1. Residues that are among the polar types (S, T, N, Q) and crowded, with 19+ Cβ neighbours inside 10 Å: which helices (runs of 4 or more DSSP H) entirely in the stretch B:308-399 hold 1 or more of them?
2. Name the single residue, out of those in the stretch A:28-53 being part of a loop (DSSP other than H, G, I, E, B) and touching a strand residue (DSSP E or B) at 6+ places or on another chain (Cβ under 9 Å), that is nearest to A:Glu102 (Cα to Cα).
3. What's the number of the only condition in (1) at pLDDT 80 or above; (2) over 20 Å from B:Ala284 (Cα atoms); (3) part of a helix (DSSP H, G or I) that B:Leu415 fails to meet?
4. Could you say whether any residue in the stretch B:61-69 is within 14 Å of chain A (Cβ to nearest Cβ), open to solvent by less than 50 Å² (accessible area, probe 1.4 Å) and touching a residue at least 40 places away in the same chain (Cβ under 8 Å)?
5. Does at least one position in the stretch B:126-138 carry a residue that is within 14 Å of chain A (Cβ to nearest Cβ) and of a type in the set (Phe, Trp, Tyr)?
6. Checking the structure you have, find out if any residue of the stretch B:158-174 is out of contact with any helix residue (DSSP H, G or I) (no Cβ under 8 Å at 6 or more places or on another chain), facing chain A (nearest Cβ under 10 Å) and not charged (D, E, K, R).
7. All but one of (1) at the interface with chain B (Cβ under 9 Å from one of its Cβ atoms); (2) open to solvent by 50 Å² or more (accessible area, probe 1.4 Å) hold for A:Arg40; state the number of the condition that does not hold.
8. Show the residue pairs that are 6+ apart or on different chains and have beta-carbon atoms under 6 Å apart, the first residue being within the stretch A:25-50 and among the aromatic types (Phe, Trp, Tyr), the second being open to solvent by 30 Å² or more (accessible area, probe 1.4 Å).
Amino acid sequence: MSGARPSGASTPRVELVLYVGADSSHTAAARRNCEERLARFDHRRVRFEVCDVSQHPDRAEDDGICFRPVLLKRRPLPRAYVVGDLSNSTALVDLLVSCGVEPLR
Amino acid sequence: MSMMKKIRTGVPGFDVLTTGGLPAGRSTLVVGRSGTGKTVLGLQIAAHLCRTGTRTIVVGIEESKEDLIATGDTLGFNLSGLTTQGLLHVADMMRALDEPTIISGEYDVMGLVHRLEHLVAQTGAQAIVLDSATALFTPRPPQDLLRSHFFQLVHCFRRLGLTAIILAEAPSDYAQLTTLGVEDYVCDMVVIMRLNVDGERRRRTIEVAKYRRSGHYKGEFPCTITTRGLAIFPLDAPDRPESERIERYSSGVAGLDEMTNGGFLRNSIMLVRGPTGSGKTMLAGLFARAGALRSERVVYYGFEEPRPTLIRNFDQIGLGIGELVRGGDLKIQCRYPEATSLEDLLVDLRLGLEEFQPSLVVMDSISSIEHASSEKGFRQFMIGVASILRGHGRSALLTQTVLAGTAAEHTAPYLSTIADAIISLDYSPAGYELNRTMRVVKMRGSAHETHPYRLEFGAGGLKIERWSSDGYENAVRAEDRWKDARS
């Protein structure tokens, strides 16, 4: 192998959805934890959105969400779920790295 | 007990154990190891609820929607039809195996709660079956979190007014109740399903461990899963309509009618005990014949010989059983108890009796069943049989093989409780002759002779004659002389 790393537009974009609830004490922490970690990545390579399950139960249904907060990696497949507020965890970073998205220097 | 509202489940026996069914608008926890029939029970109840007008959601986490519906359809629950009619909604919440779930930090179960609220609003469901809590909470959160998740879920069911059935895996049959260890606190009813190994047989049982604000039957009850789903055998009889009038019918043997003060009583179970060769089967055949000749429907369960042999033996002594069978009033079914489980045999009996609707039932002999099972299994079987018989006001004659000289002695307490009348047949060698005797040991609700009667075999069956006190004493002396001469 040449060791060439996929870069720029040729690599798939990672799609993340954070399922939360407005009435949940974990929502703010999960959102903050996600945003803090995503700040270290090229935002063009990661699409991140937040979805309130009480507002969009049908989306939660489609994505098979039972818990909240849940961070769902929708793309690339296969999907992966990180359940919890992501405190003290490298789970999100690991997820992105496993998709070939490295943190910015 | 309070005015708690209950919903009938339609599962044979379940509504008896629970004195009316599930607690309406509350949660019931069903626990058991894998393979104990939790899903079958859940789907069976769901189907019944739908058929009786309660729209139901089944949440499948362990199995896909297609698999659950197929399982139900195989057992005749018609889940696909109920789904098409919009009465049943199966929500597929199975997680793909290739989609990993990582736990990181704190969370709650409100995602599912919001989805269920949405589903209930869409479908108008009033009941829910969750299959299973164990699968839902995998990977398992810490204990305190788990407890709060489970509480949130049950609270959600309650808020939505759902009658809920929550299935959960038990790590073992008897030790810790559930894998999660927290579910039973928040549910109004807890049902335990078990699959025990009893000697060489597997035995299914079901137990209502708790029913808040309601009475229920205590302890384990035998149950079985057949092609029609789960059936439970409550070990005591449902109330039968009591007839004011005492009705008698002929036992089929003139002398025995005399001994019993005019014949057997309707709606009673006769136990005929005696050693091998004492005439039990012949008496059973005469009983069946007399019934069929009166144009009653009679079913004869033979557990000792193949059907053709049994019919041929009866016809040899001129009972004309073959003809009565062809006439349709007498049905003879021969089974080998060794070849089936007692639970399946019970179901078989129950279905057979429902279809044929006999007024008289013969079982010859219950000892064949006794020998093919454990003591506990046999006891439960007999109590189940009594329940099936009494539930329909049937009369039955059961035979039991005992050692010679012991037929009039005490019977196992559960057997004497079941039997409304006990008739003993016995014999004793008295030199060249064999003294054959018959006694009515007990007969509930009727006067009866307690003296021994003399029994002779001959053409047409049994001949029973009153024995004078002197005649009997002479016969006993002859036995004693013969025994003394040999010792």
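1. Where helices (runs of 4 or more DSSP H) fall fully within the stretch B:308-399 and carry at least 1 residues being among the polar types (S, T, N, Q) and crowded, with 19+ Cβ neighbours inside 10 Å, they are B:366-371, B:375-390.
2. In the first step, residues of the stretch A:28-53 are kept if they are part of a loop (DSSP other than H, G, I, E, B); the result is A:39-45, A:53.
Then keep just the ones that are touching a strand residue (DSSP E or B) at 6+ places or on another chain (Cβ under 9 Å); that gives A:41, A:45, A:53.
Numbers: A:Phe41: 7, A:Arg45: 10, A:Val53: 30 Å.
Result: A:Phe41.
3. Exception for B:Leu415: condition (2).
4. Looking through the stretch B:61-69, at least one residue is within 14 Å of chain A (Cβ to nearest Cβ), open to solvent by less than 50 Å² (accessible area, probe 1.4 Å) and touching a residue at least 40 places away in the same chain (Cβ under 8 Å).
5. yes
6. Taking every residue of the stretch B:158-174 in turn, none turns out to be out of contact with any helix residue (DSSP H, G or I) (no Cβ under 8 Å at 6 or more places or on another chain), facing chain A (nearest Cβ under 10 Å) and not charged (D, E, K, R).
7. Failing condition for A:Arg40: (1).
8. A:Phe41/A:Pro103
The values are calculated or read from the model by the stated rules, or taken from the named source; none is laboratory data. This is a predicted model, so every value here is computed, not measured. Cβ coordinates were reconstructed from backbone atoms using ideal geometry, including for glycine residues, and neighbour counts include every protein chain displayed. Remember, those area values only see protein heavy atoms, side chains included, never the ligands or the DNA or RNA. Shrake-Rupley method; radii C 1.70, N 1.55, O 1.52, S 1.80 Å.
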